[in-house]
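Notes follow once the structure below has been shown.
The values are calculated or read from the model by the stated rules, or taken from the named source; none is laboratory data. Here the structure is a predicted model, which is why all the values come from computation and not from measurement. Don't worry about glycine lacking a Cβ; one is built from the backbone with ideal geometry, like all the others, and counts go over all protein chains shown.
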Amino acid sequence: MRRPRVKPEHAPHRLGDGTVRLGGVLYGVASEIPDPEGWAWAALTLMDGTRSPGQVAAALRTRFIGLTREEADDIVAVLLDSGHVEDAAPGPCEELDAREKERYSRSRDYFRWIDLTPRDHGWEPQLALKGARVLVLGLGGTGSHAAWSLAAAGVGRLHLVDPDVVELSNLNRQVLYTEADLGRPKADVAAARLRRLNSAIDVTAERAAVTSPRDLARLLDGFDVLALCADRPREPYGIRTWASRACARGGIPWVSGGYDGPLVSVGVFGPGGPCFECVRAGIPAQPGAGYAWPGVTGPSAGLSGQLVANDVLALVTGLTPVPPGYFHGLTLLDPDAHVYARHPSRPGCEFCP
Amino acid sequence: MSSTPAPEPWQERKPRKKIVIRRLGKTETATVVQPSGGNSN
């Protein structure tokens with residue numbers, strides 16, 4: 001790192017006993033440093049983007065004459081590796097032009113905030129998105145929101161698949177369509193809409209139904225991640241099972257999202273974690289589940305789609321909160337509850353690591 | 001068989017001065033409440 005600077009979102013605060021708090025109040029980001037002598041506070045103050053690491057260490061020694069050179073270097077090194085510091089003199093990022101850097105500036109700030117890996121220029125997560133190829137299956141309530149978010153985030157290659165046409169009853173929640181689109185294939189309308197949203201990415205589409213595992217395997221060819229936003233054919237041996245097996249065979253991470261009215265749930269699966277079928281097997285059977293009643297509002301559909309998009313972005317950038325192999329979500333009827341299920345692989349599962 | 005002689009007092013090394021970063025746990029952070037209301041733009 002050339003000119004270390006504390007990330008603005010991680011600005012240090014000193015507590016009453018001298019402890020230094022970094023990273024605000026966010027779980028997964030925030031940390032503390034017991035600092036009775038004031039070394040960390042002084043070093044962080046010196047990391048204002050005007051000094052090299054060596055200059056920070058040298059300045060630290062002038063303030064604390066008891067520190068050896070090695071000790072001062074170590075204090076600086078710990079802070080440089082902490083994830084709370086960025087380079088105020090970043091390396092070049094020529095893979096993104098000025099327009100892209102303006103468009104994705106808020107994304108970069110977000111990734112800088114949550115990413116604790118020291119980076120050369122901070123655009124690394126955005127470059128991963130630009131190079132990603134994502135297949136979106138289903139463009140209804142979940143898929144329309146997911147596809148919008150992935151295109152807006154700058155996923156470089158999106159392929160959209162859906163068999164249906166736009167109907168009036170879709171318009172209470174499916175964000176990519178208007179009254180002028182009624183009767184038109186969702187795949188075509190969605191692709192055109194997303195190209196207008198982001199002309200820098202490659203969006204293709206096909207009007208097709210996935211009717212067999214072979215269909216799904218064909219569609220997956222050449223993609224890095226699957227966003228499964230379709231619910232037909234239904235489980236227990238339906239499209240999610242097909243996706244789980246095909247993605248396991250291909251080593252492809254995937255995300256599946258949906259809702260049962262106010263209950264929103266999303267599954268995240270990929271190499272290294274238990275497969276969909278194993279996690280599902282660990283969830284006790286629920287009487288009355290799985291009827292897929294059609295009632296839904298924009299918020300319910302939107303939350304499921306945006307959670308799918310978030311998890312795809314996490315898989316692509318590597319900024320995943322926990323390893324894949326779980327369901328998560330929420331219910332709009334209970335602000336105090338959340339959905340989370342993770343179960344180990346079944347012994348002998350041929351699709352798990 | 002030889003043994004390492006105990007260091008003289010003037011030879012004893014002082015503990016190395018260092019800092020330790022501790023990532024905060026769930027109960028120590030405000031994952032649920034954002035008192036400022038956050039952004040909406």
Counting only helices (runs of 4 or more DSSP H) wholly inside region A:1-80, the ones holding at least 1 residues that are surrounded by fewer than 20 Cβ atoms within 10 Å (Cβ to Cβ) and of a type in the set (Ser, Thr, Tyr) are A:39-46, A:53-63
Filter pass, A:GLY49 being more than 9 Å from chain B (Cβ to nearest Cβ) and within 24 Å of A:ASP120 (Cβ to Cβ) | yes
The one condition A:ALA180 fails out of (1) farther than 29 Å from A:PRO271 by Cβ; (2) surrounded by 15 or more Cβ atoms within 10 Å (Cβ to Cβ) is (2)
| message | Being at the interface with chain B (Cβ under 10 Å from one of its Cβ atoms), out of contact with any strand residue (DSSP E or B) (no Cβ under 8 Å at 6 or more places or on another chain), part of a loop (DSSP other than H, G, I, E, B) and over 26 Å from B:THR27 (Cα atoms) is the requirement here; does A:GLY83 meet it? | response | no
If you go through region A:134-142 one residue at a time, do you hit one that is away from chain B (no Cβ under 13 Å), assigned to a helix (DSSP H, G or I) and either touching a residue at least 60 places away in the same chain (Cβ under 8 Å) or more than 30 Å from A:ASN172 (Cβ to Cβ) (or both)? yes
In the set A:ARG112, A:ARG99, the lone residue that is touching a residue at least 24 places away in the same chain (Cβ under 8 Å), among the basic types (Lys, Arg) and out of contact with any Asp or Glu (no Cβ under 9 Å at 6 or more places or on another chain) is A:ARG99
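Results for (1) farther than 30 Å from A:GLY183 by Cβ; (2) surrounded by 15 or more Cβ atoms within 10 Å (Cβ to Cβ); (3) in contact with a Cys (Cβ under 7 Å, 6 or more places away or on another chain); (4) assigned by TED's automatic domain parsing to the domain that holds A:ALA153, shown as yes or no for each residue.
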position: A:ARG232; (1), (2), (3), (4): no, no, no, yes
position: A:TRP242; (1), (2), (3), (4): no, yes, no, yes
position: A:ARG280; (1), (2), (3), (4): yes, yes, no, yes
position: A:GLY295; (1), (2), (3), (4): no, no, no, yes
Every listed condition ((1) modelled with pLDDT of 95 or more; (2) touching a Leu at 6+ places or on another chain (Cβ under 9 Å); (3) under 22 Å from A:LYS7 (Cβ atoms); (4) within 14 Å of chain B (Cβ to nearest Cβ)) holds for A:ASP109 save (2)
Checked against (1) polar (S, T, N, Q); (2) assigned to a helix (DSSP H, G or I); (3) under 26 Å from the mean Cα position of the chain (by Cα), A:GLN174 satisfies every condition except (2)
When region A:95-116 is checked residue by residue, the ones that are in contact with a helix residue (DSSP H, G or I) (Cβ under 8 Å, 6 or more places away or on another chain) and part of a loop (DSSP other than H, G, I, E, B) are A:GLU95, A:LEU96, A:TYR104, A:ASP115
